[in-house]
1. Any chance region B:41-52 includes a residue that's more than 13 Å from chain A (Cβ to nearest Cβ), basic (K, R) and loosely packed, with under 10 Cβ neighbours inside 10 Å?
2. Filter region B:66-75 down to residues that are assigned to a loop (DSSP other than H, G, I, E, B) and not hydroxyl-bearing (S, T, Y) and give me whichever is nearest to the other protein chains (Cβ to nearest Cβ).
3. Condition first: farther than 30 Å from A:K113 by Cα and under 21 Å from the mean Cα position of the chain (by Cα). Now tell me which residues in region A:134-182 satisfy that.
4. Sort out which residues of region B:76-132 are within 14 Å of another protein chain (Cβ to nearest Cβ), outside any strand (DSSP E or B) and hydroxyl-bearing (S, T, Y), and write them in order of number.
5. Would you tally the residues in region A:202-234 being free of Cβ contacts under 8 Å to residues at least 60 places away in the same chain and out of contact with any strand residue (DSSP E or B) (no Cβ under 8 Å at 6 or more places or on another chain)?
6. I want to confirm something. Restricting to region B:201-225 and keeping residues that are aliphatic (A, V, I, L, M) and closer than 15 Å to A:S229 by Cβ, which single residue is nearest to the chain's Cα centre (by Cα)?
7. Quick check on region A:7-27. Is at least one of its residues within 14 Å of chain B (Cβ to nearest Cβ), within 20 Å of A:L110 (Cα to Cα) and assigned to a loop (DSSP other than H, G, I, E, B)?
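The values are calculated or read from the model by the stated rules, or taken from the named source; none is laboratory data. In this text the structure is predicted, and so the values were computed from the model without any measurement. Cβ atoms come from the backbone with ideal geometry, glycine included; neighbour counts cover every protein chain shown.
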Amino acid sequence: MNNFSKVRSVRHTLSNLFRKGVCKVLSVGPIPTHIAFIMNGNRRYDQKLNLAKGTGHSIGLLVMLTMLMHCCDLGIRYVTVYAFSIDNFKRKPEEVERVMDLLKFTFELLSEKNSIANLYSVKFHFSGNLDLLNEPVKNAAKELMANTANNSKAFFTFCIAYTSTDEMVSAIREACDERRRAMQEQKKTGGNYGLTKPVEVVDIEKHMYMATAPYPDIVVRTAGENRLSNFLLWQTACSQLYSTPTLWPEVNFWHLVLAVLNFQRNHSYLDKQKKLL
Amino acid sequence: MDFKKETRILYCWIAQIGNLLLRSLWRLIHVIINLCYLTLGIAKAFESYLISWGILRRYKSLQVAKLRYLAIVVESKDACQTSKIIELLQWLADVGVKHVCLYDMEGILKKSKDFILEELDGAILFGEAYENNEIPDQAQMTLEFASFSDGKEAVAKAANVLFMKYLKSGATDQNQEEAIFTESQMAEALKTVGSGGPEPDLLLVYGPARCHLGFPAWRMRYTEIIHMGPLKSMKYGSLIKAIYKFTMVRQNYGK
């Protein structure tokens, strides 16, 4: 058993060295600043391997943390995941509860002193209508944001209770509210309150949940689906949309490498399109 | 001191050789990736010819009725190739696709709108037929032309419609605000500003990369997005395959 664990340890070290070598090679080309993941296929994973319901989600969350580490190793500073859509509240209550419990557990784990959040100096942010979450999950999320507020090497966003259309409406409401308050201030100071400055694209953008991160360079969707499902619709005009048939719990470092290689192939074209905007 | 200088020069050389090795490896990986994509491209081209010749039977019967609204995104520099666009639209008409939205970022297709409508017998502008949020059921093909200004700028215009409503209502509490700022009110406001078209079921991207190039965000929530490759090498068989694959998709819509 001793020899076996020695062999495993050597294998693990060599595997890490090889991954670091691959990261070094990939870094010769452009590395995306921001990558977003639609973590699709957790329930199909349960069905495929005949597992108890919810196992796919548990493994999926572990895979998410592993992928975060790989992204940090590769030098990708911003990572966003579509953890829970507003549409997902339509699922069976026991499934929603299971996922919420799992998310709460993950947030609490990440809040600990020796978690990867502090090891990799990752700042966590939550995008979405957090008022739709129950109190324990909301509090765990707020605690995680507070505990990692001073981290600055990487930025990880959980999109939870999120849809792009809800994000746009919320941003418009904030922008209109800001405009109304500005008009009231002008009125108080005797300014020309008759003129209403219209709400502009830049006013809406600054109130988006995702305003804390640049637009994604790549959006990866797993399990072979080809749609965005109401995720980052506003932010992905010049993003490489990458789809892989692999289910999310089966995703690993090599899928990330393929996504980055694909991005590098199309980088100059996408860069040119960004300049046209 | 000489020894230190020589050590520094040696490290410099090692670093340069290391860099050269890394760059060579990177280029080699990309050559291999490009060869893989080339092989895949040849296989796809061969398959598309088999589909066009009717040899692959499963593509013969398409349930086109499932495809109520199709969007096509092209690069603005390809949008000038109106003959290719018209050929693509004629293929779609032959297959039985009735409602198409043509999009390019800079609005080049909008400028060629009259010419395209003229070349396609009987085609009309979608706006003339679209009422009451229902896609019309008719024999003629309808075409919509969209560009980047129908995306974010249209959302800003719709935001101002809601803003005026907000000011007029004199809403003071959150409940009153929530009644104005809803997704359904936003959809109505977008219609008011002329950007309230339906959500495409399928979006075909003709270009070097799978990227929607700013297609109106509000209209893409559950749209299937398929990359078709460059417009200059478009193939009828690939189009049939993309539509067939769409008809096989089953969406949960989050459930």
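1. no
2. Step one: list which residues in region B:66-75 are assigned to a loop (DSSP other than H, G, I, E, B), which gives B:67-69, B:75.
Filter once more, keeping what is not hydroxyl-bearing (S, T, Y): B:67-68, B:75.
On the way: B:L67: 14, B:R68: 16, B:E75: 8 Å.
Ranking the candidates gives B:E75 first.
3. Let us first name the residues in region A:134-182 that are farther than 30 Å from A:K113 by Cα, namely A:163-182.
A:T163, A:S164, A:T165, A:D166, A:E167, A:M168, A:V169, A:S170, A:A171, listed by residue number.
4. Narrowing region B:76-132 to residues within 14 Å of another protein chain (Cβ to nearest Cβ): B:76-79, B:103-108.
Pick out the ones that are also outside any strand (DSSP E or B) and you get B:76-79, B:104-108.
B:S76 - this is the single residue of region B:76-132 that is within 14 Å of another protein chain (Cβ to nearest Cβ), outside any strand (DSSP E or B) and hydroxyl-bearing (S, T, Y).
5. Residues in region A:202-234 being free of Cβ contacts under 8 Å to residues at least 60 places away in the same chain and out of contact with any strand residue (DSSP E or B) (no Cβ under 8 Å at 6 or more places or on another chain): 8 in total.
6. Initially, region B:201-225 is screened for residues aliphatic (A, V, I, L, M), giving B:202-205, B:209, B:213, B:217, B:220, B:225.
This time we only want the ones that are closer than 15 Å to A:S229 by Cβ, so: B:202-203, B:217, B:220, B:225.
Numbers: B:L202: 8, B:L203: 5, B:A217: 11, B:M220: 9, B:I225: 6 Å.
Among residues in region B:201-225 that are aliphatic (A, V, I, L, M) and closer than 15 Å to A:S229 by Cβ, the one nearest to the chain's Cα centre (by Cα) is B:L203.
7. Step one: filter region A:7-27 for residues within 14 Å of chain B (Cβ to nearest Cβ), giving A:18, A:20-27.
This time we only want the ones that are within 20 Å of A:L110 (Cα to Cα), so: none.
No, because not a single residue in region A:7-27 is within 14 Å of chain B (Cβ to nearest Cβ), within 20 Å of A:L110 (Cα to Cα) and assigned to a loop (DSSP other than H, G, I, E, B).
Here is a yes/no grid of residues against (1) among the polar types (S, T, N, Q); (2) surrounded by 22 or more Cβ atoms within 10 Å (Cβ to Cβ); (3) in contact with a Phe, Trp or Tyr (Cβ under 6 Å, 6 or more places away or on another chain); (4) under 30 Å from B:K44 (Cβ atoms):
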residue	(1), (2), (3), (4)
B:F145	no, yes, no, yes
B:A156	no, no, no, no
B:D173	no, no, no, no
B:Y206	no, yes, no, yes
B:R221	no, no, no, yes
B:K232	no, no, no, yes
B:Y244	no, no, yes, yes
B:T247	yes, no, no, yes
